[in-house]
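Engineer: Sharing a structure below in structure tokens format, with a few things to ask.
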Amino acid sequence: MEEISKDNFEEKVHNNPKTVVVDFYSETCPPCKQLAPVFESVSEKLKDKADFFKIKLEGNQEIFAEYTVRSVPTVIILNQSAPVAESMGFKDEETLTNWIEENL
């Protein structure tokens, strides 16, 4: 899973023909730190079904504003740059996997 920023967000997300799952997080957020290994594991499990990226709040506020991310962590599933589904807060691996699969 790749860390992206405002500099390559358009290339990696907007111009991506595949479904994309993005973890919007902050370095100072305890639930974000809890979600990180879960998101990593789920991304490995589902890597053939979607592209997975993470983007941190720090330095990328305009991307967070573009997608109206109000709290972190927030995971957004996008298809051709359009949001399909959004999940806020920590989820365990089974819950996150099921939610992503239901929305692919």
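Computed from the coordinates by the stated procedures, all read-outs in this text should not be read as laboratory data. All values derive from a computational prediction rather than experimental measurement. Ideal geometry is used to build each Cβ from the backbone, glycine not excepted, and the neighbour counts take in all protein chains shown.
Engineer: Please rank 71, 26, 43, fewest neighbouring Cβ atoms within 10 Å first, as an exposure proxy.
Structural biologist: 71, 26, 43
Engineer: Rg (Å, one decimal) plus Dmax (Å, integer) for the alpha carbons of segment 7-104?
Structural biologist: Both quantities, over Cα of segment 7-104: 12.3, 33 Å.
Engineer: Mind checking which of 39, 1, 100 is farthest towards the positive end of the chain's charge dipole, using Cβ charges of +1 (Lys, Arg) and -1 (Asp, Glu) about the Cα centre?
Structural biologist: Final value for the positive-end residue is 100.
Engineer: List the lysines whose Cα lies under 17 Å from the Cα of residue 45, skipping any in the same chain that are fewer than 8 positions away.
Structural biologist: Those lysines meeting the cut-off are 18, 54, 91.
Engineer: Next up: Decide, for segment 56-104, between rounded, prolate and oblate: order the square roots of the alpha carbon gyration tensor eigenvalues as a ≥ b ≥ c, take rounded if a/c falls under 1.5, and otherwise choose prolate if a/b is larger than b/c, else oblate.
Structural biologist: Oblate.
Engineer: Pull out a ≥ b ≥ c, the square roots of the eigenvalues of the alpha-carbon gyration tensor of segment 1-54, then state rounded if a/c is under 1.5, prolate if not and a/b is larger than b/c, and oblate in the remaining case.
Structural biologist: oblate
Engineer: Run the helix sum for the chain: -39,500 (n - 2.57) per DSSP H stretch of 4+ residues, divided by residue count, reported at 222 nm to the nearest 500 deg cm²/dmol.
Structural biologist: -9500 deg cm²/dmol
Engineer: Here is a follow-up. Using θ = phi - 60° and the Karplus curve 6.51 cos²θ - 1.76 cosθ + 1.60, what whole-Hz ³J(HN,Hα) does each residue of segment 66-82 get, with Gly and Pro shown as x?
Structural biologist: Listing the rounded values in order: 4, 9, 6, 6, 9, 8, 10, x, 10, 10, 10, 9, 10, 10, 6, 6, 8 Hz.
Engineer: About the Cα centre of segment 7-104, what is the dipole size in debye to 20, counting +1 per Lys and Arg Cβ and -1 per Asp and Glu Cβ, all else neutral?
Structural biologist: Taking the Cα centre of segment 7-104 as origin, the dipole is about 60 debye.
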